[in-house]
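Down below is the structure, laid out as structure tokens.
The values are calculated or read from the model by the stated rules, or taken from the named source; none is laboratory data. Model, not experiment: these values are computed from the prediction. So basically every Cβ, Gly included, is an ideal-geometry build from the backbone, and we count neighbours across all protein chains shown.
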Protein chains: 2
Amino acid sequence: MELPLDVTIKEVGPRDGLQNESDQIPTENKIEWINQLSKTGLPYIEITSFVHPKWIPQLKDAVEVSKQIERNPDVTYAALVPNMKGLERAIEADVDEVSIFMSASETHNKKNINKSIDETYPVLQEVVEAARKEGKSVRGYVSTVFGCPYEGAVDENQVISVCQNLFDMGIDELSLGDTIGVANPLQVDAFLKKLERYFMKDHIALHFHDTRGMALANTVAALQLGYHIFDGSAGGLGGCPYAKGATGNVSTDDLNYMLQEMNIKTGIDQSELLKATSYIQDYVENQLPSKQMNIFKKQ
Amino acid sequence: MELPLDVTIKEVGPRDGLQNESDQIPTENKIEWINQLSKTGLPYIEITSFVHPKWIPQLKDAVEVSKQIERNPDVTYAALVPNMKGLERAIEADVDEVSIFMSASETHNKKNINKSIDETYPVLQEVVEAARKEGKSVRGYVSTVFGCPYEGAVDENQVISVCQNLFDMGIDELSLGDTIGVANPLQVDAFLKKLERYFMKDHIALHFHDTRGMALANTVAALQLGYHIFDGSAGGLGGCPYAKGATGNVSTDDLNYMLQEMNIKTGIDQSELLKATSYIQDYVENQLPSKQMNIFKKQ
């Protein structure tokens with residue numbers, strides 16, 4: 001089995017994980033958590049989102065969080081922005097990188113962004129251009145890449161077209177999301193083999209969800225093709241909204257454990273990561289679904 | 001990605017799952033559960049264990065369960081036996097197949113069976129010979145194949161030697177257990193490639209535990225090499241004794257879902273399997289860890 005020697009794990013817990021939490025977590029605890037994560041060897045942390053607080057009240061303190069964390073120069077601090085207003089706040093808060101997002105399926109995009117796919121492009125184009133003018137790198141997220149909760153299967157050519165349009169705008173990296181956790185290893189293998197005809201693997205990240213327990217299996221399918229950038233959420237924070245209590249984001253600690261056991265370098269200290277993850281457990285409603293956290297807590 | 005067209009899933013929940021339950025489950029409910037499982041398309045169910053009730057009080061009703069279930073002629077009903085006394089009861093109860101067991105690591109074998117590995121062989125040899133004389137097929141379980149809770153790594157040649165000795169006794173199939181869920185896909189790939197030099201894949205089953213979330217990833221690693229027999233426990237029943245609440249056996253429903261999504265035939269009706277699994281949920285202490293059950297319950 002041929003696998004990459006090094007993998008980059010990008011931590012999305014403080015944004016993608018926390019945004020699903022119903023109880024407001026105090027700003028100071030978010031800051032402390034991000035500071036702890038910054039010391040684990042994680043090279044990249046998505047710390048918040050500059051969407052309007054009306055949509056995600058949990059992240060209304062985006063500017064405070066961004067300004068008050070202790071920046072580790074070895075870490076890239078990113079934040080999600082939906083539009084120019086969000087970008088202005090992100091620039092004010094001086095994040096290193098901005099993330100834009102859209103869906104590969106029309107219905108999910110419409111429900112999530114309230115625009116058709118074609119209507120979404122000009123909004124994102126404006127953000128990407130302005131962000132680059134400010135010297136920020138830009139990451140794109142495409143959701144429902146492997147399946148849509150409304151439409152079911154998503155046409156692969158439609159996904160590739162969305163990816164191509166985002167790269168054409170000048171983004172640096174694309175994160176492909178299995179939003180509802182329906183991807184299977186055979187599908188991942190077939191789709192990523194197709195994708196490599198169009199895009200460089202150095203610019204593609206995989207964002208798997210563990211809703212059906214296949215996130216690590218899908219990760220290995222991608223690794224076998226040489227893909228080497230993966231998103232994770234500490235402790236698996238961020239449940240799936242379609243099934244309360246079910247798993248959403250793959251857990252960074254489970255991912256890091258498996259990679260290191262397979263002799264793949266990630267640069268992340270597993271023990272420090274588990275300690276940092278324990279910190280946030282006290283402030284969230286449900287038990288974190290991560291297997292490693294479960295074992296860690298019993299020790 | 002090349003995968004087998006057909007996979008055999010062997011259900012071990014009524015034995016391997018229930019044996020970890022502390023509250024005694026009424027015999028009639030076990031029987032009803034096995035009867036329901038028998039109608040799902042599962043080709044094989046390990047229904048109980050004929051170990052002395054002193055060791056596993058939960059399964060003290062082994063004879064009653066075996067005699068009172070409705071036998072589906074398309075299902076092989078198996079039971080675990082540790083010695084000649086257990087075999088006598090299993091024959092009295094007329095199971096179709098008997099399973100014997102031992103560990104690949106000295107310490108685990110000693111703690112589990114109270115004998116060294118070399119002292120274990122003659123006991124098992126006697127059971128296998130007597131079982132075959134009665135026309136029963138025999139399955140062997142080897143535990144701690146991919147790691148031992150006491151010794152850590154287990155020498156691959158030691159595992160192969162144990163397997164060889166069991167096949168030499170005349171067993172029909174060997175189930176290789178990742179007892180503490182430490183196997184990773186790279187290790188599975190390397191070990192199974194070595195193993196295929198010695199044994200036919202048609203006689204080797206993989207028994208993965210999901211303690212660290214890698215069971216499905218390990219399954220795919222084995223499938224890619226053409227291995228096609230896997231054990232599962234309905235709902236993931238049977239927690240890991242080393243971490244209360246943590247996952248042990250891979251869930252049959254998660255396994256069956258992934259295989260069918262990859263166009264692999266198992267013959268098991270997923271919806272019937274989930275219904276049967278829901279039945280036992282009411283009689284066990286903890287929420288079943290299966291992802292599919294979690295989604296099923298929300299529907």
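Brief remarks follow.
- Filter result (of a type in the set (G, A, S), in contact (Cβ under 8 Å) with a residue 40 or more places away in the chain and surrounded by fewer than 23 Cβ atoms within 10 Å (Cβ to Cβ)) within segment A:247-279: A:G267
- Selected residue (criterion: surrounded by the most Cβ atoms within 10 Å (Cβ to Cβ)) from residues of segment B:151-163 that are within 13 Å of B:K194 (Cβ to Cβ) and out of contact with any strand residue (DSSP E or B) (no Cβ under 9 Å at 6 or more places or on another chain): B:I160
- Of all the residues in segment A:245-282, those that are at pLDDT 95 or above, more than 10 Å from chain B (Cβ to nearest Cβ), in a loop (DSSP other than H, G, I, E, B) and more than 19 Å from the chain's Cα centre (by Cα) number 1.
- Members of segment A:189-215 found to be small (G, A, S) and either facing chain B (nearest Cβ under 8 Å) or part of a helix (DSSP H, G or I) (or both), listed by number: A:A190, A:G213, A:A215
- A:V51, sole failed condition from (1) farther than 17 Å from A:Y141 by Cβ; (2) β-branched (V, I, T); (3) part of a loop (DSSP other than H, G, I, E, B): (1)
- Selection within segment A:288-299 - closer than 22 Å to A:A215 by Cα, part of a loop (DSSP other than H, G, I, E, B) and either facing another protein chain (nearest Cβ under 9 Å) or among the small types (G, A, S) (or both): A:S290
- Count of segment B:17-29 residues, restricted to those that are touching a Leu at 6+ places or on another chain (Cβ under 9 Å) and surrounded by fewer than 24 Cβ atoms within 10 Å (Cβ to Cβ), is 4.
- Qualifying residue in segment B:176-194 (condition: within 24 Å of B:V123 (Cα to Cα) and more than 17 Å from the chain's Cα centre (by Cα)): no
To keep it simple, each residue is scored yes or no on (1) under 19 Å from the mean Cα position of the chain (by Cα); (2) farther than 24 Å from B:S251 by Cβ; (3) in contact (Cβ under 8 Å) with a residue 40 or more places away in the chain.
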{"residue": "B:T27", "(1), (2), (3)": "no, yes, yes"}
{"residue": "B:N35", "(1), (2), (3)": "yes, no, no"}
{"residue": "B:F50", "(1), (2), (3)": "yes, yes, yes"}
{"residue": "B:Q58", "(1), (2), (3)": "yes, no, yes"}
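- Flag for B:S137 being surrounded by fewer than 18 Cβ atoms within 10 Å (Cβ to Cβ) and modelled with pLDDT of 95 or more: yes
- Of all residues in segment B:167-183 being in a loop (DSSP other than H, G, I, E, B), of a type outside the set (V, I, T) and under 19 Å from B:T252 (Cα atoms), the one that is farthest from the other protein chains (Cβ to nearest Cβ): B:D178
- Residues that are out of contact with any Asp or Glu (no Cβ under 7 Å at 6 or more places or on another chain), surrounded by fewer than 16 Cβ atoms within 10 Å (Cβ to Cβ) and within 21 Å of A:R15 (Cα to Cα), drawn from segment A:280-299: A:D282, A:N286, A:Q287
For (1) at pLDDT 95 or above; (2) within 14 Å of another protein chain (Cβ to nearest Cβ); (3) assigned to a loop (DSSP other than H, G, I, E, B), each residue gets a yes or a no:
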| residue | (1), (2), (3) |
| --- | --- |
| A:Y141 | yes, no, no |
| A:V145 | yes, no, yes |
| A:N157 | yes, no, no |
| A:N165 | yes, no, no |
| A:Q187 | yes, yes, no |
| A:A217 | yes, yes, no |
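Each row is one residue, and each column tells you yes or no for (1) at pLDDT 95 or above; (2) more than 20 Å from the chain's Cα centre (by Cα); (3) under 30 Å from A:E70 (Cβ atoms).
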position	(1), (2), (3)
A:E97	yes, no, yes
A:F101	yes, no, yes
A:S105	yes, no, no
A:N112	no, no, no
A:E119	yes, yes, no
A:V123	yes, yes, no
A:E126	yes, yes, no
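- From the options B:G238, B:G226, residue that is at pLDDT below 95 and at positive phi: B:G238
- The set of residues in segment B:30-58 being buried (at least 18 other Cβ atoms within 10 Å of the Cβ) and at pLDDT below 95 consists of B:V51, B:I56, B:Q58.
- Among the residues of segment A:181-207, those that are out of contact with any Ser or Thr (no Cβ under 6 Å at 6 or more places or on another chain) and closer than 13 Å to A:S143 by Cα comprise A:V182, A:A183, A:L206.
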